[in-house]
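First the structure, in the form of structure tokens, and then the observations on it.
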Amino acid sequence: MGSPACGAFGEFGGRFVAEALWSPLAEVAEVFEEALGDPSFAARVHGWAEQRLGRPTPLSHLGGLSEALGGAQIWLKREDLLSGGSFCGVVALTQALVAVRLGRTELVGETATGDFGVALGQVGLALGLKVRVFMTRDDMAAEPAAVRRMEEMGLALEPVEGPARGRRGAMAEALRYVACGPERAFYVTSSLASPDPYPRMVAFGAEIIGNECARQLRERGVSADYVVAPVGSGGFACGLFGAFVQEGSVPGVQLVGVQSGGDASPTKGAASLVRGRVGVHMGTRSFVLQDELGQVVTPLTDAAGMAMPVVGPQHARWMRTGQVQYVELADAEAYAAVRTLARSEGILACLESGYGLAYALRLAPTLPEDAHVVVGLSGDGSRDLGRLARARGEGASS
Amino acid sequence: MNDRLNTLEERASARRPLLMVALVAGDPHLDATLDYMGILAEAGVDVVELIVPFSEPAYHGAVLQRAMARAVNEHLDWAQIEEIAAEFRRSYPSVALVVSTYLNRLMVAPTGPILEGLQSAGVDALWIYDLPMEEAAEVDALSESAGLPLVRAVSATTSLERFREIARRAQAPIIWTGHSGGELTLTGQAFEERLRTFGEYTRRPIFASMGVTTGAEAQAVVQAADGVLVGSSVAWLLEGRGPDVKERLRRHVVELRARVDEVAGQG
């Protein structure tokens with residue numbers, strides 16, 4: 001299989017879209033590439049990330065939990081401490097600044113957990129742009145706090161009728177809206193699994209996370225043995241791994257992406273890299289959860305942020321090259337890991353982060369005390385309190 | 001180019017408006033599809049578009065999305081599509097047949113043999129909705145090898161320079177995808193002017209897909225385009241079902257045919 005013509009990551013990526021979207025995306029790609037050549041653009045991204053989003057986030061050493069587990073030292077990259085409660089702001093920021101360069105006046109996006117909608121509001125309003133967020137009714141019912149927050153921010157919130165939770169229905173409606181007013185509206189994706197140039201734009205912003213983390217480790221004189229992150233569509237993990245993945249940049253580090261295995265049934269989870277096959281979905285060639293006829297399978301997982309049947313093309317390439325190891329863990333393990341972290345360290349992580357945490361909790365006791373495991377914590381878990389309570393009621397965790 | 005595609009070009013050159021009608025294979029079940037294709041052929045369509053359903057039809061409006069959701073439950077594979085095409089071709093040797101789908105459905109097995117199978121079954125062209133020209137190099141080569149040309153799409157966002165390259169590559173009808181979710185993005189005079197300009201750079205007939213539901217709308221479209229593609233109104237009609245659905249389908253297509261034919265020879 002050859003490389004896609006646009007935005008290729010090895011044999012993955014590309015811009016597989018209907019003709020009506022080709023030229024608008026080509027224009028975005030051109031402006032993004034111009035921005036990459038303009039030092040003031042990167043400076044602006046970093047300036048806004050610091051001034052409005054509250055970066056850098058801390059890298060916390062979990063001394064108590066590490067000691068209790070009796071193995072490696074566990075570190076957390078703390079995206080939960082950002083003002084929006086998640087890493088999403090930095091993903092929205094790059095795209096919003098490209099929209100400004102294009103002269104667009106309205107940001108249009110979709111959200112499943114509500115985190116990205118809030119991030120879009122934070123960034124867009126700060127830049128003087130209108131913000132419109134599409135969200136399925138099921139997701140709105142499941143995330144009342146985020147919906148209230150978006151309402152208070154005055155965002156145009158568009159409910160989407162759709163049979164399945166997740167971003168796909170909302171994404172289709174958002175794209176349709178933008179197609180009707182491309183001269184003013186700019187589509188902002190929350191997903192790394194998107195047509196070119198979106199995976200490149202998402203990575204550009206998200207890599208701030210990994211660069212911060214690598215610098216913080218150096219400042220403390222710590223050499224990471226493992227860096228672990230949850231992978232749904234993979235934007236957060238792409239950002240965290242970015243600083244470590246280049247050969248020779250941080251020698252000896254093993255990168256691990258953890259996907260949701262749902263209820264542990266072999267055909268149901270969201271582990272596109274473990275159980276998927278190469279296909280084209282969401283405008284990109286990557287690993288896709290699908291049946292033998294090429295019909296996309298709807299992932300079933302309690303973590304809405306992990307419920308993606310396709311993963312960003314960067315991860316597909318890293319899977320192929322072996323630069324990153326990808327595994328799946330069941331929802332029950334993620335719940336248990338979130339609870340363990342809360343009880344041992346007083347930190348409430350979102351359920352998505354629970355998959356990476358769960359892997360680290362398994363791994364750390366097998367390693368010596370002078371080994372170091374960094375876990376990416378993608379966001380705060382306040383929105384998951386109800387799910388945690390229900391899971392406990394159902395006996396999903398101890 | 002085969003005789004059926006040549007005939008379409010000749011009709012377009014003679015200003016005889018063309019009618020293409022789309023059906024979702026397997027909606028609501030496979031047994032009905034061939035019957036419905038026959039009704040379209042006997043009511044006088046020039047081209048039948050047989051949509052192979054995909055679970056994620058991002059570029060279709062709500063009606064066709066629902067139709068595809070129903071049809072996905074039929075679990076159609078490519079061998080069944082070939083059988084339908086071959087059976088249709090035996091009964092209707094002169095009506096052109098376009099098969100359309102999303103790229104992922106062609107990636108479940110080596111794509112070359114799928115295209116060869118469709119061509120052997122009498123399919124005249126293949127339309128892959130999410131395969132733009134730039135990303136089509138591999139499929140272009142397979143399509144040429146199989147003798148199954150690709151339908152190319154254009155839209156309101158297609159520049160003239162881009163259109164000329166699309167037209168240069170086109171070996172089958174070109175389709176103007178003029179709406180997104182039922183919202184027309186270019187209307188009236190601007191649409192006519194664009195179609196006229198594009199038409200100067202290709203001999204291939206240009207069909208316009210504009211969310212047409214009535215004979216009057218179809219007639220308006222073929223004032224500017226060589227042909228009209230009607231899809232969602234048929235899926236909507238089939239969705240309603242009822243004991244006389246076949247007769248209502250026949251009447252709908254006969255009405256479309258009659259209204260577009262009123263434009264014959266004009267322009």
Have a look at the stretch B:54-71 and report residues whose accessible surface goes down by 50 Å² or more when the remaining protein chains are included, against the chain on its own, probe 1.4 Å, ligands and DNA/RNA excluded. B:56, B:59
Relative contact order, percent, of chain B when contacts are C-alpha pairs under 8 Å separated by at least 6 residues? 25 percent
Ignore the peptide's own chain and count Cβ atoms of other chains within 10 Å of each Cβ in A:20-31; give me the average, rounded. 4
Accessible area buried between chains B and A, both sides summed, probe 1.4 Å, in Å² to nearest 100: 2700 Å²
Taking only the alpha carbons of the stretch B:3-261, the radius of gyration and the largest Cα-Cα distance, Dmax, both in angstrom, are 16.8, 50
When the charge dipole of the stretch B:3-261 is computed with +1 on Lys and Arg Cβ and -1 on Asp and Glu Cβ about the Cα centre, the Cα farthest towards its positive end, among B:79, B:18, B:234, belongs to B:18
Quotient of Cα radius of gyration and Kirkwood radius for the stretch A:174-229, i.e. Rg/Rh, equals 1.22
Full-extension gain between residue B:192 and residue B:13, please, as 0.36 nm times their residue separation minus the C-alpha to C-alpha distance. 62.7 nm
On average, how much accessible surface per residue is there in the stretch A:132-207, in Å², for a 1.4 Å probe, leaving out ligands, DNA and RNA? 37 Å²
Given contacts defined as C-alpha pairs under 8 Å and at least six residues apart, what's the relative contact order of the stretch A:90-145, whole-number percent? 37 percent
In percent, what relative contact order does the stretch A:295-373 have, based on Cα pairs under 8 Å that are 6 or more apart in sequence? 23 percent
Can you pull the percent of chain A's accessible area that's carbon plus sulfur, 1.4 Å probe, other chains left in place? 50 percent
How shielded is B:94-105 by partner chains, expressed as the average number of their Cβ atoms within 10 Å of its Cβ atoms? 3
Of the residues A:124, B:148, A:95, the Cα lying farthest along the dipole of the protein assembly as shown towards its positive end, which is defined by charges on the beta carbon of Lys, Arg, Asp and Glu, belongs to A:124
Test of understanding: in a Gaussian network model of chain A with alpha carbons linked when under 10 Å, which of A:259, A:122, A:51 would top the mean-square fluctuation ranking? A:51
Give me the percent of DSSP beta bridges within the protein assembly as shown that run antiparallel, rounded to the nearest 5. 20 percent
Within the stretch A:305-398, report the GluC sites (Glu not before Pro) that DSSP leaves as loop and that have at most 15 other Cβ atoms within 10 Å. A:369, A:394
Taking placed amide H atoms and a strict 5 Å upper bound, the residues 5 or more places from residue B:49 or on another chain that come that close are B:21, B:22, B:23, B:98
For B:232, A:66, give me the order by solvent-accessible area with a 1.4 Å probe, most accessible first, ignoring ligands, DNA and RNA. B:232, A:66
Place +1 on the Cβ of every Lys and Arg and -1 on the Cβ of every Asp and Glu in the protein assembly as shown, take the dipole about the Cα centre, and give the residue among A:85, A:290, A:305 whose Cα lies farthest towards its positive end. A:85
Rg(Cα)/(2.2 N^0.38 Å) for the protein assembly as shown, N = residue count: 1.01
Length gained if residue A:342 through residue A:246 is fully extended, taking 0.36 nm per residue and subtracting the Cα-Cα distance, is 31.2 nm
Residues of the stretch A:280-296 buried by at least 30 Å² on assembly (accessible area, 1.4 Å probe, chain alone as reference): A:280, A:293, A:294, A:295, A:296
Expressed as a percent, the accessible surface of the stretch B:3-261 that is carbon or sulfur, using a 1.4 Å probe and the full set of protein chains, is 48 percent
Applying the Karplus parametrisation 6.51 cos²θ - 1.76 cosθ + 1.60 with θ = phi - 60° to the phi angles of the stretch A:216-231, what ³J(HN,Hα) value in whole Hz is obtained for each residue in order, glycine and proline being reported as x? 5, 5, 4, 4, 8, x, 9, 10, 6, 8, 9, 10, 10, 8, x, 10
Give me the base-10 log of I(q)/I(0) for chain A at each q in 0.08, 0.12 Å⁻¹, Debye formula, one uniform scatterer per Cα, rounded to two decimals. -0.37, -0.88
From a point 7 Å beyond the Cα of residue B:168 in the direction of its Cβ, which residues of the stretch B:123-137 have a backbone N at a distance under 17 Å? B:133-137
Helix-only [θ]222 nm of the protein assembly as shown, DSSP H runs n ≥ 4, -39500 (n - 2.57) each, per residue, nearest 500: -13500 deg cm²/dmol
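The values are calculated or read from the model by the stated rules, or taken from the named source; none is laboratory data. Given the structure is predicted, the values throughout are model-derived calculations rather than measurements. Positions of Cβ are generated from backbone atoms using ideal geometry, with glycine treated the same way; all protein chains shown enter the neighbour counts. Note: areas computed on protein heavy atoms with side chains; ligands, DNA, RNA excluded. Shrake-Rupley method; radii C 1.70, N 1.55, O 1.52, S 1.80 Å.
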